[in-house]
Amino acid sequence: MSPSPELHPHLAAEDPEVHALLVAELRRQEEGIELIASENHASPAVIETMASVFTNKYAEGYPGRRYYGGCEHADAVEDLARNRLKELFGSYAANVQPSSGSQANQAAMLTLAPPGSKVLAMDLNHGGHLSHGHPKNLSGMVWEFHHYGVRREDERLDYDALAEQARALRPALLLAGASAYPRTLDFERLGAIAREVGARFLVDMAHIAGLVAAGLHPSPVPHADLVTMTTHKTLRGPRGGAVLAPKEWIKQVNSAVFPGMQGGPLMHVVAAKAVAFGEALRPEFTAYQERVLANAAALAAELEARGYRLVSGGTDNHLMLVDLRSPGGPDITGAVAEDALERAGITVNKNLIPFDPEPPMRTSGIRIGTPAVTTRGFGVDEMRLLAAWMDEVLRSPEDEAVARRIRGEVLELCAAHPVYPDWRAEWLRL
Ligand code: DSN
């Protein structure tokens with residue numbers, strides 16, 4: 001049956017080409033299992049808010065001090081977003097305008113470290129992030145980055161070695177936060193190291209913001225000068241960034257975001273951030289984050305029971321890194337695994353593991369996260385199924401019959417756990 005145009009009638013009439021792509025993407029998300037650790041499914045309310053007339057509004061400046069007229073509703077919605085975010089994390093102040101996590105990071109770094117100064121951050125090859133000083137990222141061009149990593153023996157951060165490195169380097173800024181580190185970060189210890197060497201301390205909590213909001217990961221707010229985040233990962237809001245600041249830094253942060261980094265904020269996204277932060281303040285959000293953790297622990301245990309080695313021996317948070325090349329595993333690259341799982345309807349990303357001999361486009365590992373599948377209602381029973389399916393595909397990555405059979409099972413499971421039940425029924429007519 002062809003898709004119904006009812007939910008986007010104007011788009012369907014005006015631009016059937018884009019409408020078809022939108023429908024195809026909805027179908028891909030509905031009918032596939034999303035295990036990319038940095039992705040999630042935002043609520044219909046968040047998505048509706050993004051598709052709104054706030055996109056038309058220029059609002060350079062901040063509430064009460066704009067460079068354009070007609071900002072009264074933009075002011076009100078940005079105030080709502082800021083106040084909800086402050087309440088969520090117990091922060092003195094917040095800036096909700098960064099369009100991405102990278103821009104939030106750049107604004108925070110501009111605030112805390114003069115261009116050209118030394119910054120000590122986690123190595124991308126050990127789970128850090130591109131915007132933490134990769135030479136081809138703006139951060140690596142503007143600041144002098146040095147990197148710390150995990151210990152070879154247990155693949156965990158070595159805080160003593162990090163402290164030694166910081167004492168020798170005397171950086172202007174210590175930056176903590178990761179996109180592929182499955183263990184709890186000790187922000188108290190990291191803050192103490194920064195203070196000891198006279199560095200400012202910035203935490204990028206993009207991946208774990210939802211867990212921190214729910215009180216399930218220690219908060220960096222008491223220990224850091226500034227905290228940045230994205231709003232679309234565990235926090236389950238619209239795609240974007242934000243900065244938390246104490247009284248002493250907020251003026252500089254605001255001017256680093258605008259005019260430092262950006263012009264007019266994306267007001268439709270700021271409004272959607274207000275909606276998402278409102279959702280995160282409800283008790284159901286804490287229960288959701290508890291299930292994210294329970295699912296990650298269950299999936300990790302199931303994979304280990306099937307012979308897979310997990311980097312650092314498991315997970316404390318929403319993600320795990322699977323080493324596919326170690327004894328007991330399928331001995332394939334991350335790239336082969338990503339492709340094979342995709343054909344079976346399971347989406348993951350290939351990921352370097354610490355000390356990986358493979359290049360980033362091949363890798364020895366995959367990263368798996370549970371935020372999105374938990375949003376659609378998967379629980380521990382579904383984690384058992386998932387581990388069994390993944391194991392079968394990964395051990396026969398070229399076998400099209402296996403991929404086809406498991407694709408069928410994935411479709412059935414997804415139909416039992418729709419992401420957007422109304423849209424699925426009315427729009428896809430599934
Ligand atoms: N690239 C994102 C991730 O997948 O972790 C972080 O920005």
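The values are calculated or read from the model by the stated rules, or taken from the named source; none is laboratory data. Predicted model, so just to flag it, every value in this text is computed and none were measured. No Cβ is skipped: glycine too gets one built from the backbone with ideal geometry, and neighbour counts run over all protein chains shown. Heads up: the accessible areas ignore ligands, DNA and RNA and are worked out on the full protein's heavy atoms, side chains in. Shrake-Rupley method; radii C 1.70, N 1.55, O 1.52, S 1.80 Å.
Data overview
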read-out	value
Qualifying residue in region 36-45 (condition: over 30 Å from L411 (Cβ atoms) and not charged (D, E, K, R))	no
Within region 69-99, tally of residues that are free of Cβ contacts under 8 Å to residues at least 60 places away in the same chain and in contact with a strand residue (DSSP E or B) (Cβ under 9 Å, 6 or more places away or on another chain)	4
Checking I353 against (1) in a loop (DSSP other than H, G, I, E, B); (2) more than 16 Å from the ligand (Cβ to nearest atom), the condition it does not meet	(2)
Among (1) away from the ligand (no atom under 16 Å from the Cβ); (2) surrounded by 16 or more Cβ atoms within 10 Å (Cβ to Cβ); (3) acidic (D, E) - the single one E34 does not satisfy	(1)
Hey, A300 assigned to a helix (DSSP H, G or I) and buried (at least 22 other Cβ atoms within 10 Å of the Cβ) or not	yes
Close pairs from region 337-351: first touching a residue at least 12 places away in the same chain (Cβ under 8 Å) and farther than 14 Å from G32 by Cα, partner open to solvent by 10 Å² or more (accessible area, probe 1.4 Å) and hydroxyl-bearing (S, T, Y), Cβ under 8 Å, at least 6 apart	K350/T333
Sole exception among (1) within 16 Å of the ligand (Cβ to nearest atom); (2) polar (S, T, N, Q); (3) open to solvent by 10 Å² or more (accessible area, probe 1.4 Å) for T184, by number	(1)
Flag for D316 being within 23 Å of the chain's Cα centre (by Cα) and either open to solvent by 30 Å² or more (accessible area, probe 1.4 Å) or at pLDDT below 95 (or both)	yes
Only one of T49, T111, T55 that is more than 16 Å from the ligand (Cβ to nearest atom), in contact with a Pro (Cβ under 8 Å, 6 or more places away or on another chain) and part of a helix (DSSP H, G or I)	T49
Residue within region 166-174 that is part of a helix (DSSP H, G or I), of a type outside the set (A, V, I, L, M, F, W, C) and open to solvent by less than 20 Å² (accessible area, probe 1.4 Å) present	no
Some residue of region 355-364 being aliphatic (A, V, I, L, M), crowded, with 24+ Cβ neighbours inside 10 Å and closer than 26 Å to Q29 by Cα	no
Of all residues making up region 379-430, the number that are open to solvent by 40 Å² or more (accessible area, probe 1.4 Å), among the aliphatic types (A, V, I, L, M) and not in a loop (DSSP other than H, G, I, E, B)	7
Yes/no for G101 being within 14 Å of the ligand (Cβ to nearest atom), crowded, with 18+ Cβ neighbours inside 10 Å and more than 27 Å from V269 (Cβ to Cβ)	no
Evaluation of L202 against (1) out of contact with any strand residue (DSSP E or B) (no Cβ under 7 Å at 6 or more places or on another chain); (2) within 16 Å of the ligand (Cβ to nearest atom) (one fails), failing number	(1)
